[in-house]
1. Which whole-Hz couplings ³J(HN,Hα) result when phi for each residue of region 68-82 is put into the Karplus expression 6.51 cos²θ - 1.76 cosθ + 1.60, θ = phi - 60°, listed in order with x for Gly and Pro?
2. Quick one: pull the percent of accessible area on the chain belonging to carbon and sulfur, 1.4 Å probe, ligands and nucleic acids left out.
3. For every helix of n ≥ 4 consecutive DSSP H residues, a contribution of -39,500 (n - 2.57) applies; sum these over the chain, divide by its total residues, and give [θ] at 222 nm rounded to the nearest 500 deg cm²/dmol.
4. Across the chain, where is the longest run that never hits trypsin sites (Lys or Arg not before Pro) in a DSSP loop with at most 14 other C-beta atoms within 10 Å?
5. How high is the relative contact order of the chain, in percent, with contacts defined as C-alpha pairs under 8 Å that are six or more residues apart?
6. Report the extension gain between GLU107 and ILE12 in nm, rounded to one decimal, defined as 0.36 nm multiplied by the number of residues separating them, less their alpha carbon distance.
7. Can you tell me the accessible area per residue over the chain, all protein chains present, probe 1.4 angstrom, in square angstrom?
8. Take the chain, mark every one of the chymotrypsin sites (Phe, Trp or Tyr not before Pro) that falls in a DSSP loop and has at most 15 other Cβ within 10 Å, then report the longest stretch left between them, sites excluded.
Amino acid sequence: MATLIGTMILAIGLPAWAGITYVGLVRARWGDELPQPEPPRSRRTPAGKAAWIAGLACLAGGVLHLYGLSYLPFLFPEDACWFGVGIKAYPDSSSSLPVSLVCHGIEVVPWWVNPGLLVLAVTAVAATVTSVVLAVRHRADRRRTGD
């Protein structure tokens with residue numbers, strides 16, 4: 001019976017007490033008035049959006065490149081062919097850019113890794129250039145209008 005009462009105190013009484021204490025602390029801080037909403041943030045500029053796209057494309061490209069590099073031989077080259085093709089042999093060739101591992105004439109790295117890297121690289125460069133151009137143009141517009 002004592003265990004049941006203790007469990008009820010912990011399950012119901014303790015959270016209720018914590019909530020009442022929290023409400024009391026908030027009222028002591030703010031008074032009886034409701035807290036004021038935070039002012040709205042300024043909208044993100046097109047240059048900021050382009051910078052976010054460039055950053056995400058760089059991050060995704062880095063992750064994809066690391067994925068492609070996971071196929072390459074590092075310590076034991078013959079194990080790369082063993083796990084990729086099933087042949088215990090030394091690779092014919094390997095390259096980190098473009099990502100490639102050839103074992104007995106068979107490409108081990110998936111076909112979509114290098115085109116994906118190219119698309120992400122072009123996206124990152126284009127978004128970076130766009131971001132810089134938009135930021136410079138926005139700054140020139142602000143100077144001209146006197147803001």
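1. Ordered by residue, 3J(HN,Hα) equals x, 5, 5, 7, 7, x, 10, 8, 10, x, 5, 6, 5, 6, 5 Hz.
2. Working: 7830 of 11520 Å².
On the chain, the fraction of accessible area on carbon and sulfur atoms equals 68 percent.
3. Working: 5 runs with 89 residues, N = 147.
Dividing the helical sum by the residues of the chain leaves -20500 deg cm²/dmol.
4. Working: sites that count: ARG41, ARG43, ARG44, LYS88.
Longest gap between qualifying sites, sites excluded: 89-147.
5. Values: 117 pairs, mean separation 36.0, N = 147.
Over the chain, the number comes to 24 percent.
6. On the way: separation 95, 0.36 × 95 = 34.20 nm, distance 6.29 nm.
Between GLU107 and ILE12, full extension yields 27.9 nm more.
7. On the way: 11520 Å² over 147 residues.
Counting only protein heavy atoms, the per-residue value for the chain is 78 Å².
8. Numbers: sites that count: PHE74, TRP111, TRP112.
Within the chain, the longest run free of exposed chymotrypsin sites (Phe, Trp or Tyr not before Pro) spans 1-73.
The values are calculated or read from the model by the stated rules, or taken from the named source; none is laboratory data. In this text the structure is predicted, and so the values were computed from the model without any measurement. Using ideal geometry, Cβ is built from the backbone for each residue, glycine included, and neighbour counts are taken over all protein chains shown. These accessible areas exclude ligands, DNA and RNA; they are computed on the full protein's heavy atoms, side chains included. Shrake-Rupley method; radii C 1.70, N 1.55, O 1.52, S 1.80 Å.
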